[in-house]
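The values are calculated or read from the model by the stated rules, or taken from the named source; none is laboratory data. Since the structure is predicted, the reported quantities are computational estimates derived from the model, not experimental observations. When we count neighbours, we look across all protein chains shown, and the Cβ atoms used for this are built from the backbone with ideal geometry, even at glycine.
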Amino acid sequence: MAETLTFNSDRDIVDPADVPKRRLSTGTEIPAIGLGTFGSDKYGPQEIAAAVVGAAEVGYRHFDCASVYGNEDFIGPALSKIVEMGISREELWITSKVWNDKHGPGQVIESAKQSLRDLKLEYLDLYLVHWPFPNSHGKGVDVHSRDPHATSYIHEAYMRTWEQMEQLYNEGLVKHIGTSNMTLPKITRVVRDARIKPHANELELHPHFQQPELFSYCVDNNIVPIGYSPIGSPSRPERDRTPDDTVDIEDPVIVQIAERLDVHPAVVCVKWAVQRGQIPIPFSVKRPQYVSILKTIVSEPLTDTEMAAIAGIDKNNRLIKGHVFLWKENQTWHDLWDLNGDITPA
Ligand SMILES: NC(=O)c1ccc[n+]([C@@H]2O[C@H](COP(=O)([O-])OP(=O)(O)OC[C@H]3O[C@@H](n4cnc5c(N)ncnc54)[C@H](OP(=O)(O)O)[C@@H]3O)[C@@H](O)[C@H]2O)c1
């Protein structure tokens, strides 16, 4: 059974100094847990902005934003409020991402500047290329929707997009740059050809989808892995579910550890992620949920036996399949993820 927490009491607050950090290749430290801000169809921008303030009150300092989440103009005032509360900008870690329809010449720079205006910031701590394809789609469309101009991954085009990321870094508008939704064949080419190598890579990571090879590649190459959907995205919309999907928070290994710790299984997923070495960015607008996560992160570590047991429940169960980014008819979502070990041809 999940623990009961008192609202707004000092008991809810975790000292940010106690929250683990990871060191990036620049030498800068990043909090080893952040709060996600993608409300999907379920939560509106006001609710999410309120959660950002609430999470800062209880000790979160890292927020994962993106222009496509459609709420940066609400999160901006929330961040200003956090600074007014006495938390300095330097204590915060704010990530944003350029969306797929802004990969063209000048557009990455313009999109970053728009995010800065919306978020009311002078700089971003991390800016990511959200997806490696310039393929876009309307909000809320089903998995059969396709961009008529969609293309496969074209490395030369991606590197032109990346040059704009490097420019943002050189101009100091962003302190770090990174990739997201990459595969091993794609990221190795980017690392080979980039003047400024990615400092971080955001990828789907949860107990049933551990991506061990890509995870190890990132760690070995000093690219900090940031794990999205760390709980297995239990509230994702129906259109993003397939019959084969498994449920991390119902896994007996996770449930048993949750019972020992007297927390919700969601909290175990996030604790495992921090302890494994990725930076989870769980989403929640509910104070008892995000408090419970942070408090458990700073409590006794999981045992070696528990860590080994969770390592053993990987089911290679990708949840965010990305169907809408496919570029021609009769493909399956697997084509987006280079399962044959090389970049899927056009
Ligand atoms: N780079 C990318 O392409 C990408 C893709 C996807 C996501 N992301 C980022 O990753 C973040 C998180 O991913 P996500 O929202 O897909 O999934 P998630 O964090 O795995 O799951 C979030 C859901 O888990 C439940 N939950 C959270 N804390 C809980 C707790 N303590 N106890 C019980 N249940 C709890 C909540 O459900 P209820 O609301 O129903 O209570 C919440 O909506 C996003 O917000 C976004 O910032 C990035």
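Counting only strands (runs of 3 or more DSSP E) that sit completely within region 148-229, those holding 1 or more residues that are of a type in the set (V, I, T) and touching a residue at least 60 places away in the same chain (Cβ under 8 Å) correspond to 224-228. The single condition from (1) buried (at least 17 other Cβ atoms within 10 Å of the Cβ); (2) more than 14 Å from the chain's Cα centre (by Cα) that G227 fails is (2).
Residues that are within 7 Å of the ligand (Cβ to nearest atom) and outside any helix (DSSP H, G or I) were ranked within region 251-284; the one that is farthest from P225 (Cα to Cα) is H264.
Suppose we keep only residues that are of a type outside the set (A, V, I, L, M) and either within 10 Å of the ligand (Cβ to nearest atom) or closer than 19 Å to L205 by Cα (or both) within region 302-314. Which one would you say is surrounded by the fewest Cβ atoms within 10 Å (Cβ to Cβ)?
Taking region 302-314 and keeping what is of a type outside the set (A, V, I, L, M), we get 303-306, 312, 314.
Then drop every residue that is not either within 10 Å of the ligand (Cβ to nearest atom) or closer than 19 Å to L205 by Cα (or both), which leaves 306, 312, 314.
Details: E306: 20, G312: 9, D314: 14.
The selected residue is G312.
Can you spot a residue in region 242-255 that is farther than 30 Å from H149 by Cα, free of Cβ contacts under 8 Å to residues at least 12 places away in the same chain and in contact with a helix residue (DSSP H, G or I) (Cβ under 9 Å, 6 or more places away or on another chain)? The answer is yes; a qualifying residue exists. Here A49 passes the criteria (1) surrounded by fewer than 22 Cβ atoms within 10 Å (Cβ to Cβ); (2) small (G, A, S); (3) more than 10 Å from the ligand (Cβ to nearest atom) except the one numbered (1). Looking at region 303-324, is at least one residue farther than 27 Å from S235 by Cα and in contact with a Leu (Cβ under 9 Å, 6 or more places away or on another chain)? No, the conditions are met nowhere in region 303-324. Go through (1) of a type in the set (G, A, S); (2) touching a helix residue (DSSP H, G or I) at 6+ places or on another chain (Cβ under 8 Å); (3) within 22 Å of R236 (Cα to Cα) for G36 and report which single condition fails. Every condition holds for G36 apart from (2). Checking the structure you have, find out if any residue of region 62-77 is touching a helix residue (DSSP H, G or I) at 6+ places or on another chain (Cβ under 7 Å), closer than 21 Å to A273 by Cβ, in a loop (DSSP other than H, G, I, E, B) and within 11 Å of the ligand (Cβ to nearest atom). Yes: one or more hits.
Identify the residue in region 231-250 that is assigned to a helix (DSSP H, G or I) and at pLDDT below 95 and, among all such residues, is nearest to the ligand (Cβ to nearest atom). It would help to see each step written out before you state the result.
First, pick out the residues of region 231-250 that are assigned to a helix (DSSP H, G or I): 238-240, 248-250.
Still in the list and also at pLDDT below 95: 238-240.
Working: E238: 14, R239: 14, D240: 9 Å.
So, considering only residues that are assigned to a helix (DSSP H, G or I) and at pLDDT below 95, the one nearest to the ligand (Cβ to nearest atom) is D240.
The residue that is farthest from the ligand (Cβ to nearest atom), among those in region 288-301 that are crowded, with 21+ Cβ neighbours inside 10 Å and either under 14 Å from A273 (Cα atoms) or acidic (D, E) (or both), is I297. It is to be established whether one or more residues within region 89-106 are closer than 22 Å to V274 by Cβ, at pLDDT 95 or above, assigned to a helix (DSSP H, G or I) and over 19 Å from the mean Cα position of the chain (by Cα). Yes; the residues of region 89-106 include at least one that is closer than 22 Å to V274 by Cβ, at pLDDT 95 or above, assigned to a helix (DSSP H, G or I) and over 19 Å from the mean Cα position of the chain (by Cα). If you go through region 22-46 and pick out every residue that is more than 15 Å from the ligand (Cβ to nearest atom) and among the basic types (K, R), you end up with 2.
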